[in-house]
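Presented below is the structure to which this report refers.
The values are calculated or read from the model by the stated rules, or taken from the named source; none is laboratory data. Only a predicted model underlies this, so the values are computations on that prediction, with no experimental measurement involved. Cβ atoms come from the backbone with ideal geometry, glycine included; neighbour counts cover every protein chain shown.
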Amino acid sequence: IALYRAKAEGRNTFRHYVPGMDEALTRRSRLERDLHAALGGTGGLTMHYQPILRSADGTLCGFEALMRWHHPELGLVPPSEFIPLAEETGRIVALGAFALHEACRAAARWPEELRVAVNVSALQLRQPGLEQTVLAALAGAQLPAARLEIEITESILVEDDPVSLSCLQRLKALGVCIALDDFGTGYSSLSYLRRFPFDRIKIDRSFIRDIADPDTAAIVGAIVGMAAHFGATVTAEGVETQAQREAVRLLACAEMQGYLFGRPVPAREAEDAIGRHAGRKAA
Ligand code: C2E
Ligand code: MG
Ligand code: MG
Ligand code: MG
């Protein structure tokens, strides 16, 4: 953005260069270029999987698929850096299709009671073709639609876009679950919950971090009650300690996710984790 602005304002603006801006722009344009190659298969783009557990008994419910980019020279680039970049350039549509195909393929190898959740960007929702991509990913992996969950971040709905909403309706009609991600953050408004029947609400990890605070716990409890009214289940994000786990269980959040139970790992390691969970259940 800075580069475009500088260009628009004319050459003279380059005189006001801030030290470090040079490197930032270079990295940015480099990442932009390399993201294209990354999709080719040799560029280091992969999906990792983080376990989601039932709060009541700790059984495994499924995994959230999270994208990872190991840049051949720059090392690990965080999603917080490359996802916004991909959104600005439109590359997110191809990235999103990659995520859906990979995640469905991985989930098809898991026991059938486990689901996979895939993050979908606002841009993907607004473009025609997401429904076709989802159908192709499910068919390619022979995965039943009910085992796929789409996570959307609530700020998507800020614009209250009818195209996005109808896309969500059609996905839901296919049997795909729809989750509202990072609930309680950003420009959230409770009225979103009236506009779309979400299957799941994921409470942002900032609330879980502060859950020892009675006011925060009261908010989490209220979200759980509200979700129940709408027929949605609640997942607590970012559970890192036993105390948070216990609080989340007592507040009746149905599911939980966080570093306490496992970090996002490659598909092979996720399968190992499934094996360990199955062993624990049998024991
Ligand atoms: P998100 O969908 O809310 O995913 C949860 C994020 O919280 C992940 O960060 C995860 O690694 C992190 N996390 C999980 N448990 C804990 C915990 O106990 N403590 C802390 N501190 N963090 C925890 P990650 O993988 O860096 O992803 C960041 C965001 O990037 C995601 O937030 C999501 O919005 C976006 N993203 C990741 N993969 C994709 C993708 O394939 N497509 C799209 N559109 N967005 C993606
Ligand atoms: Mg998510
Ligand atoms: Mg998200
Ligand atoms: Mg989240």
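Assorted remarks:
- Pairs are defined by a Cβ separation below 8 Å, a sequence spacing of at least 6 or placement on different chains, a first member in the stretch 115-131 that is within 14 Å of ligand 2 (Cβ to nearest atom), and a second member that is aromatic (Phe, Trp, Tyr) and not in a strand (DSSP E or B); the pairs so defined are VAL116/TRP110.
- Considering the stretch 189-272, the qualifying helices (runs of 4 or more DSSP H), each wholly inside and each with 1 or more residues that are within 16 Å of ligand 2 (Cβ to nearest atom) and in contact with a Ser or Thr (Cβ under 7 Å, 6 or more places away or on another chain), run over 205-209.
- Residue ID - farthest from ligand 2 (Cβ to nearest atom), chosen from residues in the stretch 134-161 that are part of a helix (DSSP H, G or I) and modelled with pLDDT under 95: GLU159
- Any chance SER164 is part of a helix (DSSP H, G or I), within 16 Å of ligand 4 (Cβ to nearest atom), at pLDDT below 90 and not aliphatic (A, V, I, L, M): no
- Restricted to the stretch 183-207, and to residues there that are within 10 Å of ligand 4 (Cβ to nearest atom) and under 17 Å from GLY225 (Cα atoms), the residue that is modelled with the lowest pLDDT is PHE183.
- Identity of the residue in the stretch 100-120, assigned to a strand (DSSP E or B) and of a type outside the set (S, T, N, Q), that ends up nearest to the chain's Cα centre (by Cα): VAL118
- Only one of GLU240, GLU255 that is under 19 Å from the mean Cα position of the chain (by Cα), surrounded by fewer than 17 Cβ atoms within 10 Å (Cβ to Cβ) and either within 27 Å of ALA106 (Cα to Cα) or within 16 Å of ligand 1 (Cβ to nearest atom) (or both): GLU240
- Residues of the stretch 63-82 satisfying the condition of being aliphatic (A, V, I, L, M), part of a strand (DSSP E or B) and touching a residue at least 12 places away in the same chain (Cβ under 8 Å): ALA65, LEU66, MET67, VAL77
- Pairing residues of the stretch 212-234 that are closer than 24 Å to GLU149 by Cα with residues that are basic (Lys, Arg) and assigned to a strand (DSSP E or B), at Cβ distances under 7 Å and at least 6 apart in sequence or on separate chains, gives ALA232/ARG200; THR233/ARG200.
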